[in-house]
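Just below is one structure, and these are the notes that go with it.
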Amino acid sequence: MEQFFAALTLSAGYNTALVCIGAALLGAASGAIGVFVLLRKRTLISDAVSHATLPGVALAFIIAQVYFDSGRSLPVLLFGAALSAGLGVLAVDWIKTHTRLTEDAAIGTVLSTFFAVGMVLLTIIQSMSIAGQAGLEGFLLGATSGMLKSEALTIAVAAALVGLAVVLRMKEFSLLCFDESFAAACGYNVRWLDRTLLLLLLGIVVIGLKTVGLVLIIALAIIPPVAARFWTDRVPVLVAIAAGIGASGSYIGAALSASAPNMPTGGLIVLVLFSFFVVSLLISPVRGILAAALKHYRFQRIVHLRQGLLAIAHDEPVLEPLTRSILRRGGFMGGDGQPTVKGQSEARLIERDQKLWNLYREMHPEESHALADWSLKPIGEVLPADTVRVLEQELSPHVVRGDETSRGGAA
Amino acid sequence: MDIFLQFDLPSILLGSLAALACGLLGNFLVLRKQALMGDAISHVVLPGIVIGFLFTHETSSWAMMLGAGGAAIFAVLLIELIRRIGNVEPGAAMGVVFTTMFAAGVVILEQTGTAGVHLDVEHALYGNLESAIWLDAYSLSDLWNWQVLMTLPESIKQLFVVNMLVIVFIVLFFKELKISSFDPLLSASLGFSPKWLGLSLIVMVAIAAVAAFTAVGSILVIAMFICPAATARMLTDNLKAQLFISGIASLSAGLFGYLLAAFGPGLLGYEFSVSAAGMIAVVAGLQQVLAMLFAPHYGVVMRRRRQRAHASV
Amino acid sequence: MHDRSSSGLHLLHDTDTSKTVSPQDLPFTVQGMTVAYHHKPVLWGVSYSAPKGCLTAIIGPNGAGKSTFLKAALGLIPKLSGDTKVFGAPIEKSLKRIAYVPQRSAVDWDFPATAIDVVLMGLYGQIGWFRWPSRKHRQKAMDCLKSVGMQDFANRQIGQLSGGQQQRVFLARALAQDSEVYLMDEPFAGVDAATEKAIVAVLRQLVADGKTVLVVHHDLETVRDYYSHILLLNGQHVADGPVETTFTAENLQKAYGGRLASTQLDGLSEASSA
């Protein structure tokens, strides 16, 4: 515990501090890029990207070892990882566009086949009995213990660069996610933008391999944006929150793993991130489930109350049990199921309101469809007074029709 | 011969049976556009397996199977819950759940010190195909000898049972699986609840995943769920034929993958050995690539040729 | 003339004679159906009872909730309030008496199934759990394909059929279901003239056999030729009844508002006076 707090406050040694800062930058960058991948509805492509790094890492190791005797050089390994991951993305695209198979099957094929090739190469490395291969296993689940200073620095700088690139391209990415064809009409090369997005994602995956490991790195690009989505509907805010969640989750996770060297860093980071997700899911006042449930309850009440009152106004029986109980609780209906005096007068008000709303829909169909509060709130609260006045004037010559209705209802 | 029977045959059987169980079920995952559910399930079973193991302290036990099945159901419900009440896109919901559960599995594994003793994450990822041996077999006639057959490794017998289960499941529910995959609305209105059928499919997937998991590892389980079905999908438009072809593709991946891994490097004059489980998945992937390119009707090459013929007319 | 928010009592009476009919004779009755997407009402307190043995068109502008009405009535999507009765019984218990034909875009046409496979699916309810279709069932499916003129395509993979042919296969499947009430979601969308004719013939045959048929329809020009009754929706129940009395310029104006050009309205109402 002491060690955890030491790591958390950056006082557990230079290396640990560097690793934690690197992880935080990585989390921020991946959270930011993940937002656009999520909005593009391509979340799981990151799964293919991460698994497709393995053959590249292994091959780079073999080549570097055999020809240059420097297999453990992190930049070389990451370069290999990036190449094979890029190939994986292209393969997913190719399968999707050229065969009848759908994207999910394409992703699954690529991730498993590439990973299998990587595994075969890893077993070759094992039987080659070269020194220094032990580090490779860290790529699977992430290991920050024993990370070199230069490695930690590389990761931190690279993550910061990718994060910067995302911020610089934010406007274009937002446009791409919001309306692809509009972006194209604005003169942006959509295909190229998509590629850039995936390239940045790929960058994050590759950089994160060492810290989080390839199996779990995708969580860094998935969980923070999904959690952030509960807090806001605006893209820049979303990016900021996702980056914040990603950064703090990764930072805490890395600090935890520094205090417990046996624990896989990736696993800890993911669990911390998940706890952020759960908190967001539950308590966010914007889209959290408690808020949503409350909103739904209120909405349901409004609808049932209004329909119950309309039924009273039209002299119809109220059959729905929920409507009856809401009417009773509001004092609009007696225990015998008969409307009270209060209910009668309120029903007449609502009936008139509904007529105005109906007239509005008839006169301005497009606007009324776009209106979220159509026939949910009293019309005077939603529409400007002069519009309502026009509607009322329009309605008054038709007062006769009201009588017709009650006759029709009782016929 | 006895070396083949004692060392190679058990591994081939293990790999092929694992491939078959997953490959058959994979057809329905691919058709339901849930291919990545296989991926998710093979990750989420890890915590279930670990917990099952903690209870019994036995690898390849039915407790692990039970834990995995429970974990799979839990994951499916959690994904549904997050998707519905959180209004999260399905792919993202799946991503959140399976990474978290896998992470939990990894952490429990390390925390309880189970790691390194009997179970470890590398094994979970790679499997341990080569460990299957059948020391009681000496001659081909032993293949017909019930008593000797019963001395086959536990994991093979388990996979055999699981394969039987899978086949019975598919034969029994063929019609129901078909309609609920093609048109869930109609399926529901005829009284075949797509929800329950979907859930039972996932449970079968979890059972197959766990049985295959100890043999070939989790990532290769994914390959077997997708590649044979995708291969068959390129070759036919008939569901029964698709199931049949995917079965053949699974078995051949198991057989040739193992043979390639065991004898390939030697034939090429190299000393090293390669992961048989990895090779099986690679062969499955290669079969799929061949099918995608050269399938008679849907293959890319044939389609190009047809287009060209069309254009020149 | 009913106000369009009126819901209820008149349903329980035969529209023409005011003679009370028992609920068991009403094939398809919806009470106070309200559905919302993202807290925005799409259908608002719709009540409706389909006339037995009639061919009814559900019409209304885009976004009027026509497809939503069918789906919510069948319980396929969540609703805020309202319930559906089929011959007086709750819908959940009478799904087998209803055949629903979804929009063509609702399924994956690349699915490994042939035309006859899809028609056979309509019989699965009669076949029951675990059992495989017998030759008798295949024969019946073939008959249904014949009645939509698709017998020559029985073994064609469904993705290789034209849009119109796919729609006919869907129709054949509905026939195979042999229900009492048919709900169809835009069967005429994007089909060729020959298919349109074939579909109309099948719909008429169904009605002649005493079935009750409800069809979501888009083309106002053909309403008068094809249907005997209409249900006009615009988020709410606008009007329903026989075409002659209900398919009027006034009602259309109410449902479509400014979306229908006055010349269009004139054309349609002229037809109504003719």
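Computed quantities for the displayed model
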read-out	value
Residue list for segment B:252-284, filter: surrounded by fewer than 24 Cβ atoms within 10 Å (Cβ to Cβ) and at the interface with chain A (Cβ under 9 Å from one of its Cβ atoms)	B:Pro265, B:Tyr270, B:Glu271, B:Phe272, B:Ser273, B:Val274
Leading residue by the ranking (farthest from A:Ser280 (Cα to Cα)) among those in segment A:200-248 that are more than 10 Å from chain B (Cβ to nearest Cβ) and of a type in the set (Lys, Arg)	A:Lys210
Qualifying residues in segment C:211-245 (those that are part of a helix (DSSP H, G or I) and open to solvent by less than 10 Å² (accessible area, probe 1.4 Å)) - the one nearest to C:Val30 (Cα to Cα)	C:Val243
Residue list for segment C:107-155, restricted to those being under 19 Å from B:Leu177 (Cα atoms), open to solvent by 60 Å² or more (accessible area, probe 1.4 Å) and without any contact (Cβ under 8 Å) to a residue 12 or more places away in the chain	C:Trp129, C:Phe130, C:Arg131, C:Trp132
Residue list for segment C:60-98, filter: over 21 Å from C:Ala174 (Cα atoms) and open to solvent by less than 40 Å² (accessible area, probe 1.4 Å)	C:Gly60, C:Pro61, C:Ala64, C:Gly65, C:Leu80, C:Ser81, C:Gly82, C:Gly88, C:Ala89
Positions within segment B:200-225 being touching a Cys at 6+ places or on another chain (Cβ under 9 Å), of a type in the set (Val, Ile, Thr) and within 28 Å of A:His98 (Cα to Cα), in sequence order	B:Val221, B:Ile222
Which listed residue is open to solvent by less than 10 Å² (accessible area, probe 1.4 Å) and in contact (Cβ under 8 Å) with a residue 12 or more places away in the chain, from A:Thr232, A:Thr211	A:Thr211
Among (1) part of a helix (DSSP H, G or I); (2) assigned by TED's automatic domain parsing to the domain that holds A:Ile207; (3) of a type outside the set (S, T, N, Q), the one test that A:Met263 misses	(1)
Those residues of segment A:337-379 which are modelled with pLDDT under 80 and small (Gly, Ala, Ser), in sequence order	A:Gly337, A:Ser368, A:Ala370, A:Ala372, A:Ser375
Segment A:167-193 - residue that is among the small types (Gly, Ala, Ser), without any contact (Cβ under 8 Å) to a residue 12 or more places away in the chain and open to solvent by less than 60 Å² (accessible area, probe 1.4 Å) and, of those, farthest from A:Pro236 (Cα to Cα)	A:Ala184
Options A:Ala32, A:Ala85, A:Ala12, A:Ala48; residue that is at pLDDT 90 or above, of a type in the set (Gly, Ala, Ser), more than 21 Å from the chain's Cα centre (by Cα) and in the same structural domain as A:Trp192 (by TED's automatic domain parsing)	A:Ala85
From the options B:Ala215, B:Ala241, B:Ala229, residue that is assigned to a helix (DSSP H, G or I) and open to solvent by 10 Å² or more (accessible area, probe 1.4 Å)	B:Ala241
Residues located in segment C:178-211, provided they are touching a residue at least 40 places away in the same chain (Cβ under 8 Å) and touching a Gly at 6+ places or on another chain (Cβ under 6 Å)	C:Gly190, C:Ala198, C:Gly210
Residue satisfying all of: in segment B:42-65; of a type in the set (A, V, I, L, M) and touching a Phe, Trp or Tyr at 6+ places or on another chain (Cβ under 9 Å); nearest to A:Asp233 (Cα to Cα) among these	B:Val44
Looking only at segment C:184-210, and only at residues there that are modelled with pLDDT of 90 or more, over 12 Å from the mean Cα position of the chain (by Cα) and not in a helix (DSSP H, G or I), the one that is farthest from C:Cys144 (Cα to Cα)	C:Gly210
Residue count for segment B:87-113, restricted to those that are outside any helix (DSSP H, G or I) and buried (at least 24 other Cβ atoms within 10 Å of the Cβ)	1
Residue list for segment C:1-47, filter: modelled with pLDDT of 50 or more and under 23 Å from C:Asp209 (Cβ atoms)	C:Val21, C:Ser22, C:Pro23, C:Gln24, C:Asp25, C:Leu26, C:Pro27, C:Phe28, C:Thr29
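Results for (1) in the same structural domain as A:Phe36 (by TED's automatic domain parsing); (2) open to solvent by less than 60 Å² (accessible area, probe 1.4 Å); (3) in contact with an Asp or Glu (Cβ under 7 Å, 6 or more places away or on another chain), shown as yes or no for each residue.
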| site | (1), (2), (3) |
| --- | --- |
| A:Lys96 | yes, no, yes |
| A:Phe114 | yes, yes, no |
| A:Gln126 | yes, no, no |
| A:Ala159 | yes, yes, no |
| A:Ala165 | yes, yes, no |
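The values are calculated or read from the model by the stated rules, or taken from the named source; none is laboratory data. From a predicted model like this one, the values you see are computed outputs, not experimental measurements. Here Cβ is always computed from backbone atoms with ideal geometry, including for glycine, and neighbour counts include all displayed protein chains. Calculation scope for accessible area: heavy atoms of the full protein, side chains included, ligands and nucleic acids excluded. Shrake-Rupley method; radii C 1.70, N 1.55, O 1.52, S 1.80 Å.
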